[in-house]
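Reading through the structure tokens given below for one structure.
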Amino acid sequence: MKFMDDIDVLKAQLCDDNKSEQVLAEQIRLIRRYAPFAIAGTIFTGLCFFFIASNPVNLTINQKILNIAWVIHHTITTLTCWLCWYQILKHSNNIQLNFLKCIFVILSFVLIFMGALSFLILLFVWHYYYLETIEQILVGVWVVFYAWLVGLCWISWKKVEHLMSSFYKADSTVNERYTGHQAEYLAHYASYQVLLICNWLVGSLWALAVAKVICTNIQDYIQVLVIMVLYFGLLGGAISSIAMFWRAYISLVLPSLLTWGLVLLYVDNYQLKVLVIVVIALLFLNILFSRFTWINTLKSILLYLENTRLISQLRIKTQQVEQASLAKTRFLATASHDLRQPAHALSLFMATLADTKLDAQQRQIVEYAQTASQSSREMLNAILDYTHLEAGEMKPHIVVTELDSLIQSLVDEFAMQARSKQLTLHYQGTDVWVMTDPAMLSLILRNFISNAIRYTDQGSIEVLVEQIPVDSKMSILLPSCRISVCDSGSGLTQEEIEHVFDSFYQLERNKKSNQGLGLGLAIVKGMAQLLDIKIDVQSELGQGSKFSVSLPICTETHNSDASYDTVNNCLVGVKLLLVDNDETVLISMQMLLEIWGCQVAVAQTLEEALDIFRSHRPSIVITDFRLAQSVTGGDVITAITDLHKMESTQTDEKVHFIILTADTRPEIITKTQKINSEVLHKPIDPKVLQYKLQEIVSRDC
């Protein structure tokens, strides 16, 4: 019948060689953690046993000799076993077959030598002194145990040798080296076999020693009880350190059961028989408890390995998602740049054409074309803004902001779109100033107004600015205002309100060809979180909607003359320099800016820009970020700034810079933030460009 050890049982239960190898590795790792304590505890307990067993004053010579022989044998063989165990694990990354063979030969030699030496000592004591009958029987048991230990060494080596042959090394020799996974598993397998031998050895030594004390020291019950408690302490401690290998733990306990069965037949003391029976029962309970420990340990290891596998998969998936997200961002950056250039030029050409003399039919066609151009521009801008939010590169710049000019510019921007649907767009001016990022607030309100127009078929849209009264009981609150966009559109259900700020969410009941990508309100939510402001939605199905945002009011006094008057065009005569390597964009922007009354000069390279700056002396420079021959808008700004500092004769003469870019990569945003310039993204709404230019000019007035 084949001798089944823990590894054989593990393979049979898991039916997966790879998983069983992983479990064995974790078991050995745990044993290795407790090994120093186990070695120290075993030797210390053996020394305690020696001193307790040698305590009686009437100890005979043979008992003294046997006690000394036992403690020496116990210490040397235990240290040898553990030393072999450590040496195997020490070479687990690069193990040699000849080395393993030497380990088992040394272990067998030590066992045979110490066993033979002990047997000679027993014969010496037997010949010159007196051995009782039970001691003679125990000598026979000792011979049987030792024969089994030497045989177990041989069985263990054959198992290891069989495992070597299973690695499909047809040309293997004793000098063959194993590395990597095979070496690690081979070391773990061999170390388990050494552990099994060590447990059998320690169990046999203690079983014989305790049995001898029970049988020869019957008159000293306290001594017998103390030694048995000491032995049970050893077995109890072994549960926590060895019971993860159940059969290895049984090999520590089984010799006690077999030996103490003989004790029951020998002793003629009723109380001692009861004590031994109780002890045997406790040993069985120990075995049962160790089985539960073994099962729970295996479950814990399997759970740990499964969690480790899942975490590894999650880490891989996370890296894949991050790489996919990065690839998406790069793709959007590249694709949007190529798409924005013609879209940007198209919007400028359409705005220029709209300012020329057209008949009614031509003007209507231009308005339709502008609407289509605006839809494509909004979608590209939505993708750009959403990419910036996802990348975490959009940072708020909180400043004192005048609401009236900001909202009025949005109302003027959407007025034509509202009229095309025969809707009324209302707004009453306000003198409120707030602390916020004007660009982000403008984008939030632009999304509110755009959605209101899109989902309202008849009626009106109103932009309201209401001051929120401060509760006298809550004096710590700052005064604030609520900006609301109200419409008479189709309204929303409660379920739709809960999801309306989700990415790519669109109302299924609104079958509109121009309903966008479903990113607008997701962008609004992200910007509101960055600004740390509250957004509120009130709506009923068929009763319209009200989207609101609350902002803190700035209580400082401002000069109303500094506000921007949308009716008065102050761009007449302003000198501008346009720098772009795309000739179509240059022509379209030049035509539009000249219609606004600007004096425009254009350049396609850095050298041309510097030459024109010397002669033209513009007050505003508008440059694309990505130019030809790896030149960037930042290079243009730096060169012109240095030239201006060297050649300027007026200390108060300022040059303002605007960067137009269609690149959405996060690092581009970081670079432009380090330059003293305004940043606008293509395709830009001509009204937004006009507002930005008027804002710059009004600051210098």
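Report whether or not residue 516 is assigned to a loop (DSSP other than H, G, I, E, B), modelled with pLDDT of 80 or more and surrounded by 15 or more Cβ atoms within 10 Å (Cβ to Cβ). So residue 516 does not fit the description; no.
Is it true that residue 668 is at pLDDT 85 or above, crowded, with 19+ Cβ neighbours inside 10 Å, on the phi < 0 side of the Ramachandran plot and assigned by TED's automatic domain parsing to the domain that holds residue 345? Considered against the rule, which asks whether it is at pLDDT 85 or above, crowded, with 19+ Cβ neighbours inside 10 Å, on the phi < 0 side of the Ramachandran plot and assigned by TED's automatic domain parsing to the domain that holds residue 345, residue 668 comes out as no. Mind checking whether some residue in region 220-241 is on the phi < 0 side of the Ramachandran plot and part of a loop (DSSP other than H, G, I, E, B)? Yes, the conditions are met somewhere in region 220-241. Can you tell me how many residues within region 76-102 are without any contact (Cβ under 8 Å) to a residue 60 or more places away in the chain and of a type in the set (Lys, Arg)? Residues in region 76-102 being without any contact (Cβ under 8 Å) to a residue 60 or more places away in the chain and of a type in the set (Lys, Arg): 1 in total. Considering region 525-550, and only residues there that are hydroxyl-bearing (Ser, Thr, Tyr) and under 14 Å from residue 452 (Cβ atoms), the residue that is surrounded by the most Cβ atoms within 10 Å (Cβ to Cβ) turns out to be 545. State whether the residues of region 368-376 include one that is closer than 30 Å to residue 434 by Cβ, in a helix (DSSP H, G or I), modelled with pLDDT under 65 and not aliphatic (A, V, I, L, M). Within region 368-376, not a single residue is closer than 30 Å to residue 434 by Cβ, in a helix (DSSP H, G or I), modelled with pLDDT under 65 and not aliphatic (A, V, I, L, M).
Within region 264-287, identify whether any single residue is buried (at least 18 other Cβ atoms within 10 Å of the Cβ), at pLDDT below 80, under 30 Å from residue 373 (Cβ atoms) and more than 29 Å from the chain's Cα centre (by Cα), and answer yes or no. The answer is no, given that none of the residues of region 264-287 is buried (at least 18 other Cβ atoms within 10 Å of the Cβ), at pLDDT below 80, under 30 Å from residue 373 (Cβ atoms) and more than 29 Å from the chain's Cα centre (by Cα).
The condition of being within 51 Å of the chain's Cα centre (by Cα) and either under 24 Å from residue 222 (Cα atoms) or surrounded by 16 or more Cβ atoms within 10 Å (Cβ to Cβ) (or both) holds for only one of 308, 293, that being 293. Total residues in region 53-78 satisfying the condition of being assigned to a helix (DSSP H, G or I), at pLDDT below 80 and loosely packed, with under 15 Cβ neighbours inside 10 Å: the figure is 2.
Looking at region 387-504, the helices (runs of 4 or more DSSP H) lying wholly inside it that each contain 2 or more residues that are modelled with pLDDT under 85, within 21 Å of residue 694 (Cα to Cα) and not β-branched (Val, Ile, Thr) sit at 403-420, 438-454.
Restricting region 566-594 to residues that are assigned to a helix (DSSP H, G or I) and exposed (fewer than 15 other Cβ atoms within 10 Å of the Cβ) leaves a set whose member that is modelled with the highest pLDDT is 594. Going through 209, 238 one at a time, which residue ends up being over 30 Å from residue 25 (Cβ atoms), in contact (Cβ under 8 Å) with a residue 24 or more places away in the chain, in the same structural domain as residue 83 (by TED's automatic domain parsing) and not β-branched (Val, Ile, Thr)? When all the criteria are applied, what remains is 209. Any residue at all in region 683-699 that is of a type in the set (Asp, Glu), assigned by TED's automatic domain parsing to the domain that holds residue 575 and modelled with pLDDT of 70 or more? Yes, because at least one residue in region 683-699 is of a type in the set (Asp, Glu), assigned by TED's automatic domain parsing to the domain that holds residue 575 and modelled with pLDDT of 70 or more. Does residue 252 satisfy the criteria of being outside the structural domain of residue 42 (by TED's automatic domain parsing), closer than 18 Å to residue 27 by Cα and either of a type outside the set (Lys, Arg) or touching a His at 6+ places or on another chain (Cβ under 6 Å) (or both)? No.
Restricting attention to region 595-614, the residues being part of a loop (DSSP other than H, G, I, E, B) and either hydroxyl-bearing (Ser, Thr, Tyr) or in contact with a His (Cβ under 7 Å, 6 or more places away or on another chain) (or both) number 1.
Applying the criterion of being small (Gly, Ala, Ser) and more than 50 Å from the chain's Cα centre (by Cα) to the residues of region 595-606, the residue that is surrounded by the fewest Cβ atoms within 10 Å (Cβ to Cβ) is 597.
The values are calculated or read from the model by the stated rules, or taken from the named source; none is laboratory data. Fair warning: this is a prediction, and the values are worked out from it, not measured in the lab. When we count neighbours, we look across all protein chains shown, and the Cβ atoms used for this are built from the backbone with ideal geometry, even at glycine.
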